[in-house]
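Engineer: Dropping the structure in here first, questions after.
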Amino acid sequence: MMHRNVLSAAVIACATAGAGAASDAAAASLLPPASAAALPPPPNHVVWIVIDDLGWGDVSYKAKTYPDVPGLQFAPPTPNIDALALSGVRAESYYVHPLCSPSRTAFLSGRYAYTTGSNSEVITDGVPDQLPTNIRTVADLLTDAGWNTSAFGKWDVGMTTWGCTPTCRGFQSFSGFYNAFNDYFTHHVGPGLDLRHDAEPDTNQTGVYMTHLITQRVTEWIDGVVSGGGDRSFAYVAHQAIHAPQQVPVEYVDRCVAAGVVNATDQPIRAVSCGQMVAVDDSVGALVAEYGRLGILNETLFVFTADNGPNTDTGGSAWPLRGLKATTFEGGMRGVGFVSGAGLSPSVRGTINHELYSLVDWLPTIVHGIAGLDLAQAALPKHAYQPAPPPLDGMDVWASLATGAPSPREEALLQLDPTACFGGASTPCLLPGQGAYRWNQWKLMVGHTSTYAGPGNVSSAFCGPRDGVVQPNSFPLNATAATTPPFCPTGWVPPPGSGLPILPPPEETGPGGACEGGATPCLFPTSVLNTGGVWLFDVVNDPWEHDNVATAHPDIVATIMAKLQAYNATRVPQQHSASDPASSPASHGGVWTPWRGNPAPSACDPNTTVPGGALRSNLDGVTWAPAPASAGDGAGAPAATVAGWAWDPRDGGGSAQLNITFSMDGEEIGWAVASVDRPGLPSKTGAPDPYHGFAFALPAAVAARGAVGKHSFAATARAEGVDVPIAKSPACSCDAKPCAC
C-alpha cells in the first residue's frame, strides 16, 4: 500500500517509542517510563508561547526527533526553537483543540472548550460570544498571588464588553489585538483598527510587523518587571503567525530559500509561511537573549505550544500526521508542544515524552505545580454575584513533565460539537456534529470529520491543489493552480517541495453512504467523512491513523462512546451567535471596541447581555411528509420539517440573522440560521427584510423516532448572546400528526 511505502512500520515505531521519555539516540527504541525524581525548585518566570496554525511539519526539530520520517527536513529552519526543544522535554502525545478560539478558551480556563460552551466556533469580528465571565483565568489566579502578568498578541476569546478583555481577565497589561487575525502591518480588521496597548488603541504602529511588535512589547515589559523588583512573572505570548493573511518581510522568505527548504517560485505560499515561522523563531531567540541579559534565564521556564493544526491553504504542514486544522484527525489536534528551562530535572532534559497531556492541563500545572497555589480558587466565580464556574478539566502534570513520572492523565476529551450536523447533509450524523476522545492508546472519532466541507465547497475527501483567493501579502506570490499548496483535509499532505505525493484517505463506507462507485474522492454530501461515521485508531502503534479498527474492536468503541456520551449528556449550550452590527468600528471611532455594558474600561463590566423581551418569533409547527419513493423500495421513511421565524429588533435594525437551536423531547437535534425567505414576514413583524424564517429538516434517524408516538419539538433563538425561547414553542406531534402539547 502506498501509505505504508512512504511511512514504514519502522518509522511508526520510531515515532511512538512507547510511553515515557526517550533520548534522541534511542528515539527508535521502546523504553519504559523514566523513574520519577524529586521535583527541582520551580521556575520564578514563565513564558508561554502560542503559535497560531502551527503544524508538525513547521518546526525543524521534528526532523531531529524523527530522523527516519521523509519530508520533515523541508520544515522552516527554526534554530532558536530547536535549541529550546532539544534541551527540554518534547511532549509528543499532547492534544489541543482543532480551532483557535476553542483552544485559547481552554488554555486560559483549564476547561475543555465544550465545558465552557466555546467549542462550536471561532470568535470573529463582532460576534458577542466569549469565555464565560464567571471563570477565573490562569492570569486571575497568578495575579491574585502576587505574580506580574501580561498578555501579548492574539486574544480571540471575546470582546463583547470590557469585562471580556485581557486587562479585566487577570492580566495586568496587554499589547495585542482582540479578534481572530488582522493585517500584520496596518493592524486593521476590515474597516477598523484592532490593536491595543492596555485598553488604549495603539495607533502609531502602522508598518511595524506584528511579530516584531510582539517581541518588542514583551521585551519592554520584562525589563520593567525586573527593574521594578518583580521576582515572579508570567508572559502569555500569543503570536498571530503563521495564521493568514500571508504577510512577512521579504528577507525572511529569502532565508527560507537560502536554507534550501522551499522554492519561492514553485511554492510561493509555503515560502511566505516559512518566512513567517522564521520571524517567530527570531522572536523566540530575542526573548531568550533578553531574559539572559536580565540575569533571570536560569529561573525561567518556556512553554511552547500550537493552538491547533495547520492550514495547508496558507502554507502550513501537518506532515506526517493525517488531517489538517479543523479536523479531528491527529494533524488537526496533536499539538506541537514542549517545555524547556528552569524547574526540569537533569534526567529529563533533552528527552522525548510520550505521556498523554491535554491543553487544559496548563492552568493547573502552572498555577498549582509551578506556582504552588491552591486550585480551590479556580472553583470560585470571578465576581461574587455570578454562578460558580464548571469544575476544572485539567490536571497538574508538572511532576510528569519535570521528572519523567507517569502522567496522571489516561484519557482526554478532544472534541465535542453536539449541536450541528453538517450544513446541507442529506443523511444523519451518528452524533449531531462531531466528537473525538482519547483513552489510553485508543482514539475514537464519531460524526463528521471536517469543517472544511459544505455546499459549494470541495468535500473533505477531496485531495489536490486549490487555486483559491490568495490573501493580501507582502511578497509576490503569483499563485496559480500549479503553485497552490496541496489540500487534503482527511488525508496526508507532505510539505511542498518535498517531492512526496499527497496520500488520499482510504476508501470509506458506512452509515453515511459510500463514495459513488466506491471510489475517492467523494463528493459532498455522500461521503461518510462528511455525513457521519465511526473511526477507532490505535494512535500509539498507528499515529498516522492509517487503519480504522472500529469493526475489529466493538467493545472498545462502546467503552469510549459511553465516555463521550457522558459529556454529551451534560448538554452544555455551545455559542454560535451572529455578528452584532452594533460592534462596527464605524460606531467607535474606527476602532474595534467592546460595544456592550459599561463603556469605561476600568469598570470591567462582565455583563454581555442586553435586557430581554424584544424578540419577536413564532414556531409554526412540525410538518410531516413521506420521503420520495425510491425504486424497488416503496415509500421512504417519513420526513419532517420544523418551521417558524424569529427576529430581534435590537440587533442593529433587525438585519442580523439569528441562530436557532432545535430539540426533540428536550434533546438537542441540530441548529439552523433564521435566513429563509419569508415574504409575508415584514408586514407581520415589522422586520426590515423577509430573511428571518427557518425551516429545519429533521435528520432521518430523528425523524424515524419522532414519527411514532407523541413528541415535543422546541426551538430557542440566540439573541444578543442569550438563548430565548421561540413563541408557541414547543409544538407537539402524535404519530406524525400535529397534536396539542
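Engineer: Contour minus end-to-end for Ala586 and Ala552, with contour as 0.36 nm per residue of separation and end-to-end as the Cα-Cα distance?
Structural biologist: That pair, Ala586 and Ala552, stretches by 6.4 nm at full extension.
Engineer: Which order do the peptides 586-599, 74-87 take when ranked by the mean count of other beta-carbon atoms within 10 Å per residue, highest first?
Structural biologist: 74-87, 586-599
Engineer: If Lys and Arg each add +1 and Asp and Glu each add -1, what is the summed charge of the other residues whose beta carbon sits under 15 Å from the beta carbon of Asp231?
Structural biologist: -1
Engineer: Could you estimate the translational diffusion coefficient of region 146-197 from the Stokes-Einstein equation, with Rh from the Kirkwood formula over C-alpha pairs, at 25 °C and 0.890 mPa s, in whole µm²/s?
Structural biologist: 215
Engineer: What does the charge add up to near Trp439, with Lys and Arg as +1, Asp and Glu as -1, over the other residues with Cβ less than 10 Å from its Cβ?
Structural biologist: With Lys, Arg at +1 and Asp, Glu at -1, the net is +1.
Engineer: For every other residue with a beta carbon closer than 10 angstrom to the beta carbon of Asn179, add +1 if it is Lys or Arg and -1 if Asp or Glu, then tell me the sum.
Structural biologist: Local net charge: -2.
Engineer: Which three extents, in whole angstrom, do the alpha-carbon atoms of region 62-128 cover along their principal axes, largest first?
Structural biologist: Answer, in whole Å and largest first: 45, 23, 21 Å.
Engineer: Cα to Cα, under 29 Å, and not fewer than 8 places away if on the same chain: which lysines meet these conditions relative to Lys325?
Structural biologist: Reachable lysines: Lys62, Lys64, Lys154, Lys443, Lys563.
Engineer: If you don't mind, another one. Hey, could you get me the Stokes-Einstein D for region 89-162, Kirkwood radius over alpha-carbon pairs, 10 °C and 1.306 mPa s, rounded to whole µm² s⁻¹?
Structural biologist: For the chosen part, D equals 119 µm²/s.
Engineer: Okay, next question. Separation between the Asn541 and Thr623 pseudo-spin-labels, each 7 Å from Cα along Cα→Cβ, expressed in nm?
Structural biologist: 5.4
Engineer: Once the piece of chain linking Asp68 and Val208 is laid out straight, how much longer is it, given 0.36 nm per residue of separation minus the C-alpha distance between them?
Structural biologist: 46.4 nm
Engineer: Further question: If r is the Cβ-Cβ distance from Gln386 to Lys728 and R0 is 25 Å, what FRET efficiency results, to the nearest 0.05?
Structural biologist: 0.20
Engineer: Write down the Kirkwood hydrodynamic radius of region 304-354, to one decimal in angstroms, obtained as one divided by the mean of 1/r over all alpha carbon pairs.
Structural biologist: For region 304-354, inverting the mean 1/r across all distinct Cα pairs yields 12.3 Å.
Engineer: Same structure again: For the pair Thr124 and Thr641, what calculated FRET efficiency results from E = 1/(1 + (r/R0)^6), where r is the Cβ-Cβ distance and R0 = 30 Å, to the nearest 0.05?
Structural biologist: It comes to 0.50.
No value in this document is a laboratory result; all are computed from the given coordinates. Please read these numbers as outputs of a predicted model, since none were measured by experiment. Note that we place each Cβ from the backbone using ideal geometry, even for glycine, and neighbour counts take in every protein chain shown.
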